[in-house]
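Asks: Right, I'll just put the structure down here and ask away after.
Every read-out reported here was derived from the displayed coordinates using simple, explicitly stated rules and does not represent laboratory data. All of these numbers come straight from a predicted model, not from anything done at the bench. No Cβ is skipped: glycine too gets one built from the backbone with ideal geometry, and neighbour counts run over all protein chains shown.
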Amino acid sequence: MGRIVLENVSKSFGDTQVIPPLSLTIEDGEFAVFVGPSGCGKSTLLRLIAGLEEVSGGSIVIDGTEVADVPPAKRGLAMVFQSYALYPHMTVRKNIAFPLRMAKMTQSDIDARVNQAASVLNLNDYLERKPGQLSGGQRQRVAIGRAIVREPSAFLFDEPLSNLDAALRVGMRMEILELHNKLETTMIYVTHDQVEAMTMANKIVVLRAGVIEQVGSPLELYRSPRNKFVASFIGSPKMNIFEGDEAKKHNAHSIGIRPEHIDVVESNGEWQGTVGVAEHLGSDTFFHIHNTGLSEILTVRAIGDVNLRNGDTIHLNPRADDFHRFDEKGLRIT
Amino acid sequence: MAIVAQHSKFSKIAMPVLAWVVALIFFFPIFYMLLTSFKTDADAVKPEFLFSFTPTLENYTNMTDNYDYWRFASNSVITSVSATIFALVVGVPCAYAMAFDPSRGTKDILMWMLSTKMLPAAAVLYPMIFLTKSIGLFDTHFLVIMVLSLINLPIVIWMLFTYFKDIPKDIIEAGKMDGLNTWGEIKEILIPLAWGGIASTALLTFIFCWNEAYWTVRLTTIDAATLSKLIEGNRAPEGLFFGRLSAVSTAAVGPIVVLGWFCQKQLVQGLTFGAVK
């Protein structure tokens with residue numbers, strides 16, 4: 001079980017309030033991702049849940065128990081750190097066994113759990129090595145191993161993949177997801193990478209300056225962002241957002257349209273402009289277009305290879321149903 | 001290119017030569033002391049016997065026969081070891097708190113602690129003597145141990161603080177998540193990880209304690225007198241007996257020189273606050 005309820009939780013460091021009171025519920029078994037630009041308070045929020053920071057106000061309830069005054073180890077949570085935070089002076093086996101030893105389990109129980117975790121994570125060959133002798137991906141696995149042996153009610157991940165190279169990151173992403181499918185335990189995952197958030201989450205929590213901008217499934221956030229911030233944060237490349245006559249035509253202060261919702265046509269397009277940079281990826285082509293009269297640069301994603309180069313004139317048709325309309329405050333108009 | 005090559009050629013020859021010259025200058029007094037300790041008091045002051053003389057062990061036998069060298073030596077060992085242990089017992093938790101749970105005042109506290117080293121010892125000498133005599137602590141091991149550890153505590157805390165600062169906070173927090181309390185964090189994580197730093201600190205503190213003369217000479221008479229006191233005591237009123245004095249000094253610095261020789265690496269690391277790794 002791992003249902004986590006935050007109610008009016010706030011955090012201040014001295015006079016600086018980093019998290020104004022916020023409320024959030026994470027259901028049992030959910031994969032929740034806290035995402036936002038750096039300094040938005042997502043890590044602080046995770047550390048509040050973990051108990052590594054004390055809350056300044058509000059309550060945190062895990063499985064019906066108020067834990068604001070409970071020390072970290074007694075909250076039944078396990079955390080995986082960005083730097084892995086392995087104990088460098090202990091072997092992999094001792095690292096994984098450490099929380100069990102602290103919980104005063106018998107040696108035979110410890111051995112059984114460590115061996116099981118090691119085989120789940122393919123660490124059997126490395127158990128007698130020290131962390132310094134392992135690669136980044138292996139260290140990350142040890143850190144996860146140390147978390148799963150405790151059989152926690154929820155896992156907390158603090159940007160666990162940001163120290164890995166791109167290829168490894170995709171692999172580890174899959175491993176963590178498979179682990180989630182297997183264990184069906186609540187996971188809270190902090191990242192600044194919206195692609196990670198979109199691919200991994202059941203529930204995304206978008207944060208900015210300590211404030212929750214929107215909570216929803218990846219596709220809810222993609223289809224109906226609540227405001228301009230979420231609209232431009234979720235999705236890659238970014239949504240095109242512009243004001244002016246085109247927006248007025250749609251009875252809005254500003255409007256947004258995603259690059260993949262603009263079609264490239266041969267001629268007589270609704271919009272036209274000059275190709276600046278064209279990125280030919282084979283499967284897709286990204287155009288960065290000038291002189292449209294809409295915004296400084298308009299980004300368009302075309303499927304397949306479209307043979308237009310720098311300086312060519314391009315004709316475009318936006319899909320009418322896929323416009324997002326925002327008012328003066330940047331809030332979505334429905 | 002040529003300039004670089006020339007420069008490196010120059011430094012390849014000149015630097016070692018310079019280093020040897022400096023080392024010899026530093027070593028000469030010790031060498032001279034060692035040499036003099038094997039001369040008779042009469043020979044010691046005569047320049048013609050500078051290098052050629054008949055060596056004698058008279059000074060050393062005299063020292064152990066007449067002065068009870070071993071009592072002074074054991075006092076030195078007892079007070080230096082105890083003071084080092086006490087300074088570490090206080091210093092480790094203190095440095096731990098400041099390194100991993102700093103407050104706004106931490107920097108100021110560190111500076112304040114260092115500033116206590118700037119107080120001239122002579123300023124508190126008489127209060128210390130009167131006070132310790134009136135409460136019966138004068139010339140006791142306890143007093144010497146307390147004084148030695150307290151005067152070294154600022155250095156101990158500073159050094160440990162610098163070493164602890166190098167340990168990532170994440171590892172300590174992982175320990176918290178795994179169920180360690182504060183003592184557990186120190187025992188299971190901090191001490192194993194900072195072992196080299198703690199050892200250098202201990203070694204340096206031990207040497208400082210062993211060499212301390214100002215307080216040990218003035219706050220002891222017989223019972224807790226250390227080797228510094230023995231040397232001081234040999235400045236005899238009837239004149240300077242260089243042979244005897246050299247033997248006593250050699251016997252006093254001998255153990256620490258040998259210890260320092262074997263622990264050079266740790267000492268350099270300690271003295272440079274871990275800058276050489």
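Asks: By DSSP, what percent of the beta bridges with both residues in chain A are antiparallel, rounded to the nearest 5?
Replies: Roughly 70 percent of the beta bridges in chain A run antiparallel, per DSSP.
Asks: Once the Cα atoms of helix A:166-183 and of chain A are each reduced to a long axis, what angle between those two axes, in degrees from 0 to 90 to the nearest 10, is obtained?
Replies: On a 0 to 90 degree scale, this one is about 60.
Asks: If you don't mind, there's one more thing I want to ask. At 27 Å minimum axial length over the Cα atoms and a Kyte-Doolittle cut of -0.5, report the qualifying DSSP H helices in chain B, or say none. Before the final figure, lay out the partial values.
Replies: Values: long enough: B:2-36 (50 Å, 1.56); B:69-100 (46 Å, 1.23); B:141-165 (34 Å, 1.84); B:242-262 (29 Å, 1.40).
The qualifying helices are B:2-36, B:69-100, B:141-165, B:242-262.
Asks: Roughly how far apart, in whole Å, are the Cα centres of the stretch A:17-50 and the stretch A:223-238?
Replies: Each part reduced to its Cα centre gives a spacing of 19 Å.
Asks: I've got another one for you. Please compute, for peptide B:187-196, the average count of beta-carbon atoms on other protein chains lying within 10 Å of each residue's beta-carbon.
Replies: Counting other chains' Cβ atoms within 10 Å and averaging over B:187-196 gives 2.
Asks: What are the aspartates and glutamates whose alpha-carbon lies under 20 Å from the alpha-carbon of residue A:104, with same-chain residues fewer than 8 places away excluded?
Replies: Counting by Cα, and skipping residues close in sequence, residue A:104 has these aspartates and glutamates nearby: A:151, B:173, B:178, B:185, B:188.
Asks: Could you rank the peptides B:100-113, A:230-243, A:106-119, B:147-160 by their average count of other C-beta atoms within 10 Å per residue, with the highest value first?
Replies: B:147-160, A:230-243, A:106-119, B:100-113
Asks: Can I ask one more? For every helix of n ≥ 4 consecutive DSSP H residues, a contribution of -39,500 (n - 2.57) applies; sum these over the protein assembly as shown, divide by its total residues, and give [θ] at 222 nm rounded to the nearest 500 deg cm²/dmol.
Replies: That comes out to -14500 deg cm²/dmol.
Asks: Could you sort A:70-78, A:215-223 so that the peptide with the highest average Cβ count within 10 Å comes first and the rest follow in order?
Replies: Peptide ranking by packing, descending: A:70-78, A:215-223.
Asks: Rounded to two decimal places and with Rh computed the Kirkwood way over Cα pairs, what is Rg over Rh for the protein assembly as shown?
Replies: 1.16
Asks: Next question, about the same structure. What does DSSP give for the protein assembly as shown in terms of the percent of beta bridges that are antiparallel, rounded to the nearest 5?
Replies: So the antiparallel bridges in the protein assembly as shown amount to around 70 percent.
Asks: Something else: Enter the Cα centre distance for the pair the stretch A:262-334 and the stretch A:52-117, rounded to the nearest angstrom.
Replies: 50
Asks: To continue, here is another question. Cut-off under 22 Å on the C-alpha distance; same-chain residues fewer than 8 positions from residue A:182 excluded. Which lysines are left, in chain and number order?
Replies: The reachable lysines, counting only those whose Cα sits under 22 Å from residue A:182, are A:203.
Asks: Lysine pairs, Cα distance under 21 Å, 8 or more residues apart or cross-chain: how many in the stretch B:68-271?
Replies: So the count works out to 9.
Asks: If you don't mind, there's one more thing I want to ask. How far is helix A:136-148 tilted, in degrees, relative to the longest principal axis of the Cα atoms in chain A, given as a value from 0 to 90 rounded to the nearest 10?
Replies: The angle comes out near 60 degrees.
Asks: Neighbouring Cβ atoms within 10 Å as the yardstick, rank B:205, B:221 fewest first.
Replies: Placing the least packed residue first, the sequence is B:221, B:205.
Asks: Taking 0.36 nm per residue of sequence separation and subtracting the Cα-Cα distance, how much length would be gained by fully extending the chain between residue B:258 and residue B:17, in nm to one decimal?
Replies: 84.3 nm
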